[in-house]
1. Filter Lys42/Lys105; Lys40/Lys108; Lys42/Lys108; Lys43/Lys105; Lys26/Lys108 down to the pairs with a C-alpha to C-alpha distance above 21 Å, please.
2. For Phe84, list long-range residues whose amide hydrogen, built 1.01 Å from N in the peptide plane, is under 5 Å from its own amide hydrogen.
3. In whole Hz and in residue order, list the ³J(HN,Hα) couplings for region 86-98 that follow from phi through the Karplus curve 6.51 cos²θ - 1.76 cosθ + 1.60, θ = phi - 60°; x for Gly and Pro.
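Values quoted throughout were computed directly from the atomic coordinates according to the rules given, and no laboratory measurement underlies them. This one's a predicted model, so the numbers in the text were calculated from it and none came from an experiment.
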Amino acid sequence: YNAISIIKNDGVTNIFKVITEFGDAKILICAALLSLVVLKNKKIAASIAINLPSIALLNYILKIIIQRPRPEGFRLVEETGYSFPSGHSMASMAFYGLIIYLVFKNVKSK
């Protein structure tokens, strides 16, 4: 009996699967490409677009250096490769973190 089994149910799992999709590579890439088209400031748009491949390369290098195996046991999704650092988490943090930074830096009105 572990902590995961306490919260594991279809409703909670489905909610977190939807939240997780916001960090999916396809969603982040589409958002970055959309920024190239929509944003008037091409410097900002380029920084958003360059952010993802840069963080993917950094993640790949760190995985090779650290080589932490994935934990055994309970999994909702099967993944391969090393577990740390999490590419999903790292890309999400880099992308959404940059968006938050750019909004705070460039939006003047509250």
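1. Going by Cα-Cα distance, Lys26/Lys108 fall outside the 21 Å limit.
2. It is Arg68, by chain and number.
3. Those phi angles translate into 6, x, 4, 5, 5, 5, 4, 5, 5, 5, 5, x, 5 Hz.
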